[in-house]
Amino acid sequence: MVPDPAFAELDLGSGGTPGRPVPRPPPGTPETRWSALQRRQAVRGTFVNRAAQLVSMAQPHAPPVPLRSYYTDYASMDAAQTAWYLHWRGRTRAGETVPTDLSYLFLHAYEMIHGVGYPAPEEAFSALHDLWSRYRAVQPALDRYLPTWLTDFVQYYGVESVAARSWLAQAGAYASGDQRLQHWIEREDHVHVPDDVFHLLVDYRPEQNKFYRSQPEPAWIDDALRRAVLLTDAYFLETTGLSAFERFSPDAAAPLTRVAFQGVRFDGEPATITAAHVRPYAQDGRLTALMTLAVRFTENLARRHAGVSALLRDADVTLDLAEHLRRHLFPGLSVAIEAVPAAPTARSRRAAAPPNTTPPPAPPPAAPRTLRLDPERLAALQRDSEAIRARLLEASDRGEASDEGEASDTVPARAPTPPLPDPQPAPGPPSTPALLTDLDVVTELLDTISGSARAALLQLRAAGWSLAMDALSAPPGSFVSVLIDDINEAAQLTLGDVLLTEESGVLVTAPDYRDELEVLLGALETAPAAVLHAAATLSDTWHALGERTTPLQRHILTSMLGTPLSVRALGELCAAERAFPDATLEDLNAAALDTIGDLLIDPYHDPLRLDDAYHLDIRRMLQTYPPSRSTP
């Protein structure tokens, strides 16, 4: 049953006819959550009371009016927005899919979650599912909330219909994290690896590195890397009798619990529900570690196939698995590529216990080399260096950032996937411009790290991009291992991989980015380090957000750039400033919604995380609007 969609004139004063109170159940009969919430329709001042007043109202004609509101309710709308909402809702109830802003959709979803106008929870659930199904294509942000609310609806109200049971069986396909991964492993056909599952299985982002971005049609790389996941699983099944997904899955599943209807302006009694029982893949880590090595090794195969000599480290799979991947993916490679040994990072060295006190072997003596200079390449690098130095200095003199250095977060469009045995022909020797394909992202890297970390890179540059660890100097009070970690963590965000690796006590710079570093660090030698900020453009929308944020909110964002922030830690930060955590996050997200058009922090998870897509913009904003700076 759908509430009566008959049009009525808008009358905000009277507000329509409130629903009649639902009588209490007979003595001795337990009251359901559904009936308890329906009785609240008679309680003035509640959301459900106002929803009941407007349940049968509609507006015959009204123009669309934009609405961006966090926790939308009827008080969030003016008369014009209310008129459009009632007009749009009437047409939506009649079966039309009329485009509108996300805030209107959320308001209508809130009405359904409260069951206003529906005689039974089964019918309200079907209406909520229908709303999501019809609008998710035009409003993809619905997928972040509606699947969770649908599961909460079933569990909170105890819905036992066929549609509800069917939904619980498929809900994992629209979940995130371990629940999503478990659903794919246990319930879906392993014909291909969806992007979201790939990123849960692999702790590496190949689409961000230089090799991937240099390919005019990188779809063949995507296909190879995803097939590597399936081939690795099949290899273990053939050789051990258990697939990799079975062999490296955690043994026990734990209940996934949460407070129902987080993010909803909800008048019902709070309740904790069990959404699913989920295996802790991320915490266990074995499956991710295996698949990451297999994917990195496969990328090395792709690099060799494309004629690229620079290979990834941390790609040391077993020889049998290496041959299995080569034979199925790149049979044209006559000899299986040797895995490049994993290079421990400073972080992994500190985490190792007990530490190895044996001094590392001395690196083998370098073979005599004849230095051969390419005049054309040197001239091209010199021109690029002078152009970039002039750009940076010009922007520094103006006191504003240049647009030229802004890194793009957009992954290149993918072409139709060609067969893997015959991918793109290996390219010829790259022209000089191809050597500097990543100036923007390397500029972002240099802008993100500290001055001490930039000084460490200058030392590596002077030593020809490799230097013994004990020969690298750090400023007083700093540690070389910390500088390396800072550089590599920033590189993971900007380049998609680490920049520095250690090999037998020698620190080596990734070959992919040496040309860009040569140009940019050369500019630093004659220009002040501060001019690097000129290459990181802060857009008007992020300037507007910076002006809207408080020092406490910026302090919270600063804390979240490195690691997720627990709800408890957020409470401690806010308590020190005598602020309420929920209100602080709500105000920050409301400001973000008004300026950049999206939320920065999903407030309904613990720990709290920033969207990866916004990390660089947030860093830029915090450079212009540091936590210590007051805003009007």
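Can you name the condition, by its number, that V48 falls short on among (1) more than 24 Å from Q139 (Cβ to Cβ); (2) out of contact with any His (no Cβ under 6 Å at 6 or more places or on another chain)?
(2)
So which of T563, T537, T584 ends up being on the phi < 0 side of the Ramachandran plot, at pLDDT 85 or above and not aliphatic (A, V, I, L, M)?
Step by step, each of T563, T537, T584 is checked, and only T584 is on the phi < 0 side of the Ramachandran plot, at pLDDT 85 or above and not aliphatic (A, V, I, L, M).
Applying the selection to the range 134-156, what residues are in a helix (DSSP H, G or I) and either of a type in the set (G, A, S) or open to solvent by 30 Å² or more (accessible area, probe 1.4 Å) (or both)?
Within the range 134-156, R134, P140, A141, D143, R144, T148, Q155 qualify.
Out of the helices (runs of 4 or more DSSP H) lying entirely within the range 539-632, which hold 2 or more residues that are among the small types (G, A, S) and open to solvent by less than 20 Å² (accessible area, probe 1.4 Å)?
Here the list reads 581-595.
Within the range 296-307, identify whether any single residue is without any contact (Cβ under 8 Å) to a residue 24 or more places away in the chain and among the hydrophobic types (A, V, I, L, M, F, W, C), and answer yes or no.
Checked against the condition, which is being without any contact (Cβ under 8 Å) to a residue 24 or more places away in the chain and among the hydrophobic types (A, V, I, L, M, F, W, C), the range 296-307 yields no hits at all.
So G285 fits all but one of (1) open to solvent by less than 70 Å² (accessible area, probe 1.4 Å); (2) touching a residue at least 24 places away in the same chain (Cβ under 8 Å); (3) over 20 Å from A164 (Cα atoms); what number is the exception?
(2)
Please specify each residue of the range 80-95 satisfying the condition of being surrounded by fewer than 17 Cβ atoms within 10 Å (Cβ to Cβ) and either among the hydroxyl-bearing types (S, T, Y) or under 27 Å from L599 (Cβ atoms) (or both).
Once the filter is applied, which keeps residues that are surrounded by fewer than 17 Cβ atoms within 10 Å (Cβ to Cβ) and either among the hydroxyl-bearing types (S, T, Y) or under 27 Å from L599 (Cβ atoms) (or both), the range 80-95 yields only A80.
So, L86, is that one out of contact with any Asp or Glu (no Cβ under 6 Å at 6 or more places or on another chain) and either within 24 Å of Y156 (Cβ to Cβ) or not hydrophobic (A, V, I, L, M, F, W, C) (or both) or not? Before the answer, list the steps.
Details: out of contact with any Asp or Glu (no Cβ under 6 Å at 6 or more places or on another chain): yes; either within 24 Å of Y156 (Cβ to Cβ) or not hydrophobic (A, V, I, L, M, F, W, C) (or both): no.
Considered against the rule, which asks whether it is out of contact with any Asp or Glu (no Cβ under 6 Å at 6 or more places or on another chain) and either within 24 Å of Y156 (Cβ to Cβ) or not hydrophobic (A, V, I, L, M, F, W, C) (or both), L86 comes out as no.
With (1) within 21 Å of I601 (Cβ to Cβ); (2) in contact with a helix residue (DSSP H, G or I) (Cβ under 8 Å, 6 or more places away or on another chain); (3) open to solvent by 20 Å² or more (accessible area, probe 1.4 Å) as the list, and Y74 as the residue in question, which single condition is left unmet?
(1)
Criterion first (open to solvent by 30 Å² or more (accessible area, probe 1.4 Å) and under 21 Å from the mean Cα position of the chain (by Cα)) does L181 satisfy it? Before the answer, list the steps.
On the way: open to solvent by 30 Å² or more (accessible area, probe 1.4 Å): no; under 21 Å from the mean Cα position of the chain (by Cα): yes.
When the stated conditions are applied, L181 does not pass them.
Which residue pairs have Cβ atoms closer than 6 Å, lie 6 or more positions apart in sequence or on different chains, and pair a first residue in the range 227-244 that is more than 16 Å from W184 (Cβ to Cβ) with a second residue that is open to solvent by 20 Å² or more (accessible area, probe 1.4 Å) and of a type outside the set (F, W, Y)?
Listed by first residue and then by second, the contacts come to L231/H328; F236/R247.
List every residue pair whose Cβ atoms sit under 6 Å apart, with the two residues 6 or more apart in sequence or on different chains, where the first one lies in the range 512-524 and is under 14 Å from A453 (Cα atoms) and the second, anywhere, is open to solvent by 20 Å² or more (accessible area, probe 1.4 Å) and part of a helix (DSSP H, G or I).
From residues that are under 14 Å from A453 (Cα atoms), the pairs are L521/L458; L521/R461.
With the structure loaded, tell me whether T232 is surrounded by fewer than 19 Cβ atoms within 10 Å (Cβ to Cβ), over 22 Å from Y71 (Cβ atoms) and modelled with pLDDT of 95 or more or whether it fails that test.
No; evaluated as a whole, the condition is false for this residue.
Considering the range 49-61 alone, what residues qualify as being among the aliphatic types (A, V, I, L, M) and open to solvent by less than 20 Å² (accessible area, probe 1.4 Å)?
A51, A52, L54, M57, A58
Do you know which residues across the range 266-282 are closer than 30 Å to F211 by Cα and open to solvent by 30 Å² or more (accessible area, probe 1.4 Å)?
Answer for the range 266-282, where residues must be closer than 30 Å to F211 by Cα and open to solvent by 30 Å² or more (accessible area, probe 1.4 Å): just A282.
Could you please find all residues in the range 544-560 being modelled with pLDDT under 90 and over 20 Å from D602 (Cβ atoms)?
none
The values are calculated or read from the model by the stated rules, or taken from the named source; none is laboratory data. Nothing here was measured: the structure is a model prediction, and the numbers come from that model. Every residue, glycine among them, receives a Cβ derived from its backbone with ideal geometry; neighbour counts consider all protein chains shown. The accessibility values were calculated without ligands, DNA or RNA, using every heavy atom of the protein model including side chains. Shrake-Rupley method; radii C 1.70, N 1.55, O 1.52, S 1.80 Å.
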